[in-house]
Structures are given as structure tokens and as C-alpha cells.
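The values are calculated or read from the model by the stated rules, or taken from the named source; none is laboratory data. Since the model is a prediction, treat every value here as computed from it, not as a measurement. Positions of Cβ are backbone-derived with ideal geometry, glycine not excepted, and every protein chain shown enters the neighbour counts.
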Amino acid sequence: MQAIGRKLFPYLAAILLLLAAYFAVAGERRAPADFTFVNGTEIKSIDPAISTGQPEGRIIRALFEGLVNWDPRDLSSTPGVAARWEMSEDSRRITFHLRDDALWSDGTPVTADDFVYSYRRLLDPLTAAQYAYQLYYVVGAEKYNRGQVAVGDRVEIERFDPPSGAPPHARGELLRGTLLEYAEAFVDDPAAGKTELSDDEQRERLRRRVRMYTIEIDGEARRFKTGVAAFRDEPEFDAYEPVKQVLVDFDTVGIRAPDDRTLIFELNNPAPYFVSLTGFYPLYPVHRETVERFGSPDWMRPENLVGNGPYRLEERAFRDYIRLAKSKTYWNAENVKLDVIDALAVESNVTALNMYENRQVDWTPVVPTVILPELKKQDRDDLRVAPYLTITYFRFNVTRSPLTDARVRRALSLAIDRPEIVDKIMRGGRTAATSFVPIGIEGYESPDCCQHDPEEARRLLAKAGFPGGKGMRKLTLLHNASEDAEKLCQAVQFQWHDTLGVEVELVRQEWGTYQEKVRNLEYDVAIAGWIGDYVDPNTFLDMFVTGGGNNNTGWSHAEFDAIIKERAPRERDPEKRLALMRQAEEILLAEMPVVPLYFPERNYLVRTYVKGLHNNILDVHPLHDLWIDEAERERQTAPRRKR
């Protein structure tokens, strides 16, 4: 294995010395792990229901397990908690049969009811799970998640206090009945009579909304109200009892557990990728007793967490490391080769590279772009280059003027010189985007887009009322704290000013704050990245349906929604279904609530003695599949000890 040349990295020497000193001290605090890797930014959570990032996913896949796993070589579905499954003739009912030896880390069995509980929790509007829509394929799931009720519906009423004897963080007591009447009111409505509302006015109005329900329970009509304003002293609402929420009865959702070892899904339409989707970490189960006893986030502390995965959480030091230890209760523990794994929270890709070169880690999943060309020239045997089903793009907040105008959005897209950014700024490892759905999905061909056309960009901006950028307010461009994101945004900031005269202010935020601002539409333009959740164009398109948990643009289009939610799912012919998906992508690219930038490839460094880490287009590398060739490691490390 070749070392990085001094002539390329003299500036790393001081950092290497500091890192060596730091880890010499850190090493005294804990015994070395069998395998150590860089996990990127500090993870937001290890709750499968609310996590959305790849760093979170790596840890969750180690601590929990879904119905199926993904073979890291070809991403095919392999048995997980489910030993086998079968599909009905019309492909709308899928039955999973759970293995008898699946256990939680406290030794109790994993049951079908655990999955029902976890899926209800994922769909609960109060969980605010961005990935809840992944269960919208299931009958009744979307209606439950959106809190939609209609007169005549069977509903469940959740009170604020748990039933007597229940754990402290359990759901409130549930009542069930039939909805007779429903109405809404706005207390002291500041927007009364206005035809257009600002973002702040809209949020304030929702805070002042009271929802009123008349529900028949055991032959008696009873009144309930929900909403923050429901607690105000308003005489007109005194006859209504305040409750936490009113939803359609979860029994109407197509998820059933007829016994401890059988789980059945009823789908709205055939979904060829649904079995694979159950291997995606937001659909992993959580341990009900632990969640309801400790509440969030305490149930995720190492001393409390109960998982069903190949590892358990032994230690967690904020912004430092997570230590995973092999679980003795995992059904396939005999094939888990690594006993202890350390995942390090390292924001900087340069720092991560330095740690790798200093042999502090065995794997770093991202290589700094400035160094990548030289590493490729060296033909290093520890450098992996792999295709990747992912895209880097910008989101537009289409609820904020002037980005409400599609002409402005298209002008900004046409002003971006993607090849220049890829070749000169990011320096390789990427392909300029010509669509939103990345290449690599068999049978699917995206429409072309995203050409660089400065003249047309200037014409569109002028037509929108901003010739040469005059009269257009300064835009904010939100990005996270990574070096690559900052370089990209600086390049686009220059191109927009140089080509269009548009002023742009860069706003850098830590990962958690960045995610919150994007989710709350507190931005103008925001950098984004998306990795396919499964190998199908739907995973890139369905997040932009109206109100989608990962839409975060404010964009809505009825025809797009109809294709994604109704027409494509009902199409049984695979070629015709993909043709419909292409139509949806054409709409997305014409309206341009998002701007495709480039398709990254995956470049990473991993020791050659690490086995079981396979290239795949989703960049999924289950930690329980890894093992160490100790003889090879000994050969590589012995010379260093002699010096």
C-alpha cells in the first residue's frame, strides 16, 4: 500500500502529530476495538422512526434488524427477523413469517406485535417521522399519518394520560367510536379576511386552530377538541373535552399480526419493491417496553437501549465515538465476527484522511475531493471507487418570493455550469447531473435536463421582472458544515452573481440545525443530497408528492401526485410503469422545485485486511458482515512496530 507523498501533503504533518498525541491519550481511556471507522458527522438520533441520515443508518443497522436484510453484494432481500415471506396472487397481500429465535437484547422474543407497534409509532403524526410516507403503500396508512378523518369513520381518541398501570411514556388512554361531526375554528384569527398569508402568519394561524369532533362512543355522542388553542379559556369550546389527537382507528390500517410469528401487509396496489423496503432502517422495530418506560431520548441511552440487531450500544461519547459490542442474543450471532466496533464522529474529511493515514481507523467512507485525483494516480489497493445511486442537488423554497416563480427557478438552474463545478471545483469523483434520477437503474431512462445556457437564464430572469438581477432581493443559500458543501455553494454563489447579477448569502449550519431549518422551510435555497432507499426511480420521485415528509420545498403538483400515488402503482406492466415514472420526472424538471447538480461516485479507503465490505450502488455496508483477516493485518502492521 502506497503512502501519500510528502510533496502533496506537507500541511498535514502538524495535524498528524496532534492527532497521534490525541489518540494516544484517548487510547488510554478504552481498550482498542476490533474495527474502527469514521462515521461522519455526529448522529442526530438512533431512533429508526426519526432518523434520516447515512451516519445514523450505519449505527441503526447494527443495533436493530428489520424483516429482511440486504445482501451487500447485490442488494437482494435476505432473511432478517422474517425467515420467509410470500405474496398473494394479486401482489397486494404480503405475509411475513418471523423466525422463532429472533430475540431482543434483554432475551425476550421479537414478535409480530413489536412490528405493528413500531409501524403505528412511525405513522403517528406526533412522531413527525419524515419517512412515514414509506408505509403509504399500505391500506389506510396515509390517512392515519395525515390525521385525516371523515364523518362515518371509525376513529380512535387519544387522551393525555396513559391508562392506569401503563408505563409513564405510553400512549394516552384510547377511546374508540364513530365520527358524527367535525369542524374547525381559529381563535383570534389574525389572518381573517386576508387572501394571502405570509409564512409566519400561516404558522401562527395553525397554532390558533381548534379542531372539534362529535363522536359516538357506546351509543353516546361525546365532544372532543384538539390543538394548542383548545386549552385557552374560550366559552364557545367549553363543551368539548381536550384530547391529544383524534385519528382513524389503526385497525383500519392494513398491518395485522394474527399471531406472534405472522405479520401481514395489505397494500393499496402492487409494489414490487415493498419486500426490499422493509429492510430500510426506518421500518425497523423498537422495543415497546423500553420506549414507553423511559421516553425519548432516554430510551436510547446505552444503559437503557434494548435492540434486536447484531450489536448492542456499549458506550456513546457525544461528538467523539460510539462503541458497539456484539450481541449475544442475536439469532445469527455465530456468524458475527467482530466483537467490538468503534464509530467515530469526524466532521472533516481531511481529518478523517489523516486519521486513516495514521492508522487510527480501518475505514473512512469519504475521501477529500482535493486529494482524490492523486490517490487514483497512485493505484492504491485500499482505494475503492464505486457507482452510487445518489444525487446532490439544491432545494428551492417555492413558498418564498421570488422563488414562487418557476421562471426564476429555471434561470438559476440554467446559470449553473455543472461540468466546471465537477471538473475544476470538486475535482472529479462526480458526474454532472443530466436528470434528477441517477443513472444505474435497469430499464429506466431519465429525461435530459440541466444544460448550461447563460443567455436563456438571463432572458428568463428578465421576463420574470429582474433584468440583470435588478430588483431581486438577496437570496440565502443554506448548507451544512462539510468542506464539499461549502466549496460547491461558493462556486454557485459566484456563478449566479457573475451570470445573473443575483446576490447570494451563504448560511452555514451544523447538521441538526440545518435539517430543522430545511424541514421548517426556513431557507431560500438549500443544498441537499439523496441516496436511494431501494433500487427504483420511485425512491427519488415519491418524496416530492404534496406534503411529503422529505419534500421540504413547499411544491405541489396535482398531475405529479396522480402519477406517483395512483397511476404508476396500479400499472402492472413494468415498462409502462417506468414510462409513467419518467413522465413524473419530466414534470419535476419542468417545474424545478429542485436543481440537480451532480451524481457523486463513492470513493473510500478501507484496509485490505477488512473483508466483507462490498461495493453496491446504495453504499450499504452492514457491520455484522465484516471480518478481519488477522494474518494480513499482522503483516501490514508488524513493520511499523519494528520501527
> Would region 290-307 turn up any residue that is of a type in the set (A, V, I, L, M), closer than 30 Å to P622 by Cβ, touching a residue at least 12 places away in the same chain (Cβ under 8 Å) and in contact with a Leu (Cβ under 9 Å, 6 or more places away or on another chain)?
Replying inline: yes
> In region 142-178, which residues are part of a strand (DSSP E or B) and within 30 Å of I564 (Cα to Cα)?
Replying inline: R154, V155, E156
> Counting only residues that are farther than 23 Å from D249 by Cβ and loosely packed, with under 12 Cβ neighbours inside 10 Å, which one in region 166-189 is modelled with the lowest pLDDT?
Replying inline: D188
> Checking T513 against (1) under 16 Å from T52 (Cβ atoms); (2) touching a residue at least 24 places away in the same chain (Cβ under 8 Å), which test does it fail?
Replying inline: (2)
> Where in region 240-358 are the strands (runs of 3 or more DSSP E), entirely inside, with at least 1 residues that are aromatic (F, W, Y) and within 25 Å of the chain's Cα centre (by Cα)?
Replying inline: 262-266, 311-317, 321-326
>> For a quick check of your reading: which strands (runs of 3 or more DSSP E) sit entirely within region 377-473 and have at least 1 residues that are in contact with a Lys or Arg (Cβ under 6 Å, 6 or more places away or on another chain) and of a type in the set (G, A, S)?
In response: 383-386, 430-432
> Looking only at residues in region 547-585 that are under 24 Å from the mean Cα position of the chain (by Cα) and surrounded by fewer than 15 Cβ atoms within 10 Å (Cβ to Cβ), which one is nearest to G147 (Cα to Cα)?
Replying inline: G547
> Looking at this structure, is D260 surrounded by fewer than 16 Cβ atoms within 10 Å (Cβ to Cβ), farther than 19 Å from E89 by Cβ and touching an Asp or Glu at 6+ places or on another chain (Cβ under 9 Å)?
Replying inline: yes
>> Can you tell me which of (1) free of Cβ contacts under 8 Å to residues at least 40 places away in the same chain; (2) closer than 23 Å to G529 by Cβ is the one T404 doesn't meet?
In response: (2)
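Do any strands (runs of 3 or more DSSP E) lying entirely in region 32-132 carry at least 2 residues that are in contact with a helix residue (DSSP H, G or I) (Cβ under 9 Å, 6 or more places away or on another chain) and modelled with pLDDT of 95 or more, and which ones are they?
Details: elements: 35-38, 68-70, 77-79, 82-87, 93-98.
Correct list: 35-38, 68-70, 82-87, 93-98.
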>> Any residue at all in region 98-106 that's over 16 Å from T278 (Cα atoms), among the aromatic types (F, W, Y) and more than 23 Å from the chain's Cα centre (by Cα)?
In response: yes
> Which one of these is crowded, with 17+ Cβ neighbours inside 10 Å and within 15 Å of P593 (Cα to Cα): L412, L383, L389, L460?
Replying inline: L412
>> All but one of (1) closer than 30 Å to L477 by Cβ; (2) modelled with pLDDT of 90 or more; (3) among the hydrophobic types (A, V, I, L, M, F, W, C) hold for L383; state the number of the condition that does not hold.
In response: (1)
> If Q636 satisfies every condition in (1) under 21 Å from Y393 (Cα atoms); (2) in a helix (DSSP H, G or I); (3) of a type outside the set (F, W, Y) but one, which is the exception?
Replying inline: (1)
> Are there any pairs, at least 6 apart or on different chains, whose C-beta atoms fall under 7 Å, with the first in region 563-587 and in a helix (DSSP H, G or I) and the second among the basic types (K, R) and buried (at least 21 other Cβ atoms within 10 Å of the Cβ), and if so, which?
Replying inline: A568/R577
>> Being touching a Gly at 6+ places or on another chain (Cβ under 6 Å) and of a type outside the set (A, V, I, L, M, F, W, C) is the requirement here; does G469 meet it?
In response: yes
>> If I go through region 308-322 residue by residue, how many of them are in contact with a Leu (Cβ under 8 Å, 6 or more places away or on another chain) and farther than 19 Å from V68 by Cβ?
In response: 6
> Can you tell me which residue in region 47-93 is surrounded by the fewest Cβ atoms within 10 Å (Cβ to Cβ), limited to those that are under 22 Å from D260 (Cα atoms) and of a type in the set (D, E)?
Replying inline: E86
> Could you count how many residues in region 533-548 are in a loop (DSSP other than H, G, I, E, B) and either farther than 19 Å from F394 by Cβ or basic (K, R) (or both)?
Replying inline: 8
> What are the residue pairs meeting all of these: first residue in region 314-333, first residue closer than 19 Å to R301 by Cβ and surrounded by fewer than 16 Cβ atoms within 10 Å (Cβ to Cβ), second residue at pLDDT below 95 and not aliphatic (A, V, I, L, M), Cβ atoms under 8 Å, and 6 or more apart or on different chains?
Replying inline: E315/R30; F318/E42; R319/E42
> Can you tell me which residue in region 353-378 is surrounded by the fewest Cβ atoms within 10 Å (Cβ to Cβ), limited to those that are more than 28 Å from S413 (Cα to Cα) and without any contact (Cβ under 8 Å) to a residue 60 or more places away in the chain?
Replying inline: K377
>> Can you tell me which condition R458 does not meet? The list is (1) out of contact with any helix residue (DSSP H, G or I) (no Cβ under 9 Å at 6 or more places or on another chain); (2) assigned by TED's automatic domain parsing to the domain that holds Y523; (3) on the phi < 0 side of the Ramachandran plot, and all the others hold.
In response: (1)
